[in-house]
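Structure record follows, encoded as structure tokens.
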Amino acid sequence: MINTDIIEAFSQIAREKNVERDELGEIIERVFFTLIEKKYEDTSNFDVIVNMDKGEIEIYQQKEIVGEVADPLHEIHIEDAKEVDPDLEIGDPYIEIIDPMSFGRRLISQAKQILNQQIIRVEKNVIYEEYLKKVGEIIIGDVHQIRRDAIFINVGKAELKMPREEQIPGERYRRGETIKSIIKDAVKGTGNPEIIVSRADASFLTKLFENEVPEIYDKTIEIKRVARQAGDRSKVIVESNDRRIDAVGACVGIKGSRIQAIVRELNNEKIDIIHNSSESEILITRALSPAKPFMLEIDEEKKTALAIFDDEDISVAIGKMGQNIRLASQVTGYTIDAIKRSDYEITGSEILYLEEIEDLSEHNWKILYSMGIETTEELLSTPKEELLTIKGLGEKTIDKIYDIVKETIEKQKQEQEAALNAVQDETASSDDYNEEESDNNGTTEFSEDDIKDDLLD
């Protein structure tokens, strides 16, 4: 049954919604099955064929030829059938052609409404599928709506949502403003698909580096790890797969040309670019920038580290509300604690047991153990008068024990300082990029103010 008017009316709706012709044909089939259900209350013996190229909608109803009709929906009398084809007999199948226009204007109007709903559903699914494939990509759109808990961004026909927790703190958005973000997730849901975008996620920073630094895009340089407190500070560990290319220098560019766009895009967020190292002492030292630890004690098995800082550096090391130490822990994978040098020297970061002191005789430390004195700290905190009451220890012996213990503690401190100096020397020698652009512990910090100063020089 040719009816180009119906096809054209439906095609116009589809064009407005940008639906493919083949998909439209399937939708029209479903629509007419809905109309058949409304009119006949049964679709079991109907077929609908839509030919979009020819502009045809064909509806067929299959009936059985009978001598006496009990079910007009599924049966036809033999006499009626013979009027169409005299050769037909009782028991033969009979195909009746239904004119689509026989459904009437009201049902056809309903069909258009149903079609519109079906197309909207398809359109939503197309948007969901499209953005599901784009998760992890940067997208640019216009701010359409601003609410307390989220802003909504228009990209073509899609509306993207940026929840408050995915926004950079302190940023203010204006309706109509063009902004850049990363597609974080696509959720189908029961209503409209929800496309979540983010400017606060660490992946946004990573993607900005990929877009601005060709060596990262082609994997000559790898971003090993990122820790970020959006709008304030980020730490990025980078490593070059080509010895001829300096990873930090490539990320920075001449006079900060490459990182300038990233810093500005992130609302002047400070970025510490850290040169990777297989040595945990060097990596942790770099990650703690801008503070430099006096000494590090690392437990590789537990993945923990104690960083000792000069008293005047401890506030910088910890950072505002613990930010610097927290980001350093995240980016290195070690749980890092910070302590002042003065506190460390009083308490001692390692318990030194008397039995571990080589020059202290077994006889003497066993006597002290019997009195509950097992460590150097416990010995030095016990008054000499009290020690003199211990049977088997004379004043000369106690003075000798004091000398041995103090000498051992001093020797331990010297060894710890020597170890720290060795780490710092190794760190400095491994940093082969320009001193004017980086400090001597393998970390370069950038902010918009730094870039402006460089450009003015």
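The values are calculated or read from the model by the stated rules, or taken from the named source; none is laboratory data. Predicted model, so just to flag it, every value in this text is computed and none were measured. Glycine gets a Cβ as well: all are built from the backbone with ideal geometry, and neighbour counts include every protein chain shown.
Of the strands (runs of 3 or more DSSP E) lying entirely inside the stretch 72-161, those containing at least 3 residues that are hydrophobic (A, V, I, L, M, F, W, C) span 93-98, 138-146, 150-155.
Which pairs have Cβ atoms under 6 Å, sit 6 or more apart or on different chains, and link a residue in the stretch 125-147 that is over 14 Å from Asp185 (Cβ atoms) to one that is of a type in the set (Ser, Thr, Tyr) and in a strand (DSSP E or B)? Listed pairs, sorted by first residue: Asp142/Thr178.
Each row is one residue, and each column tells you yes or no for (1) more than 17 Å from Glu29 (Cβ to Cβ); (2) modelled with pLDDT under 90.
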{"position": "Phe103", "(1), (2)": "no, yes"}
{"position": "Ile108", "(1), (2)": "no, yes"}
{"position": "Ala111", "(1), (2)": "no, yes"}
{"position": "Ile114", "(1), (2)": "no, yes"}
{"position": "Gln118", "(1), (2)": "no, yes"}
{"position": "Glu123", "(1), (2)": "yes, yes"}
{"position": "Val126", "(1), (2)": "yes, yes"}
{"position": "Lys133", "(1), (2)": "yes, no"}
{"position": "Glu137", "(1), (2)": "yes, no"}
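Of the helices (runs of 4 or more DSSP H) lying entirely inside the stretch 257-336, those carrying at least 1 residues that are farther than 30 Å from Ser198 by Cα are 280-287, 314-318.
Annotation note: Cβ proximity below 6 Å between a residue of the stretch 352-375 that is within 21 Å of Leu388 (Cβ to Cβ) and a residue that is assigned to a helix (DSSP H, G or I) and acidic (Asp, Glu) (sequence gap 6+ or interchain) occurs for Trp365/Glu355. Scanning the stretch 8-42 for residues being in a helix (DSSP H, G or I), modelled with pLDDT under 65 and of a type outside the set (D, E, K, R) gives a total of 4.
Going by what's in this entry, would Ala307 be described as surrounded by 23 or more Cβ atoms within 10 Å (Cβ to Cβ), out of contact with any Phe, Trp or Tyr (no Cβ under 6 Å at 6 or more places or on another chain) and free of Cβ contacts under 8 Å to residues at least 40 places away in the same chain?
Details: surrounded by 23 or more Cβ atoms within 10 Å (Cβ to Cβ): yes; out of contact with any Phe, Trp or Tyr (no Cβ under 6 Å at 6 or more places or on another chain): yes; free of Cβ contacts under 8 Å to residues at least 40 places away in the same chain: yes.
Yes; evaluated as a whole, the condition is true for this residue.
Taking each residue of the stretch 250-269 that is over 16 Å from Lys180 (Cα atoms) and charged (D, E, K, R) and looking for partners that are in a helix (DSSP H, G or I) and modelled with pLDDT of 90 or more with beta-carbon atoms closer than 8 Å, six or more apart or interchain, yields Arg258/Glu212; Arg258/Ala250; Arg258/Cys251; Arg258/Val252.
Mind checking which pairs have a first residue in the stretch 176-187 that is free of Cβ contacts under 8 Å to residues at least 60 places away in the same chain and a second that is of a type in the set (Lys, Arg) and assigned to a loop (DSSP other than H, G, I, E, B), Cβ under 9 Å, 6 or more apart or different chains? Listed by first residue and then by second, the contacts come to Ile179/Arg199; Ser181/Arg199; Ile182/Arg199; Ile183/Lys134; Ala186/Lys134.
Is at least one residue of the stretch 69-89 aliphatic (A, V, I, L, M), at pLDDT below 90 and under 29 Å from Ile27 (Cβ atoms)? No, the stretch 69-89 contains no residue that is aliphatic (A, V, I, L, M), at pLDDT below 90 and under 29 Å from Ile27 (Cβ atoms). For Pro163, the criteria (1) modelled with pLDDT of 95 or more; (2) crowded, with 17+ Cβ neighbours inside 10 Å hold in every case but one, which is (2). Checked against (1) assigned to a helix (DSSP H, G or I); (2) buried (at least 17 other Cβ atoms within 10 Å of the Cβ); (3) within 37 Å of the chain's Cα centre (by Cα), Asn364 passes all but a single condition, namely (3). Of all residues in the stretch 217-249, those satisfying the criterion of being hydrophobic (A, V, I, L, M, F, W, C) and within 22 Å of Ala328 (Cα to Cα) are Ile221, Ile223, Val226, Ala227, Ala230, Val236, Ile237, Val238, Ala247, Val248.
Scanning the stretch 205-254 for residues that are assigned to a strand (DSSP E or B), of a type outside the set (A, V, I, L, M, F, W, C) and under 18 Å from the mean Cα position of the chain (by Cα) yields Glu222, Lys224, Arg225, Arg228, Gln229, Arg233, Ser234, Lys235.
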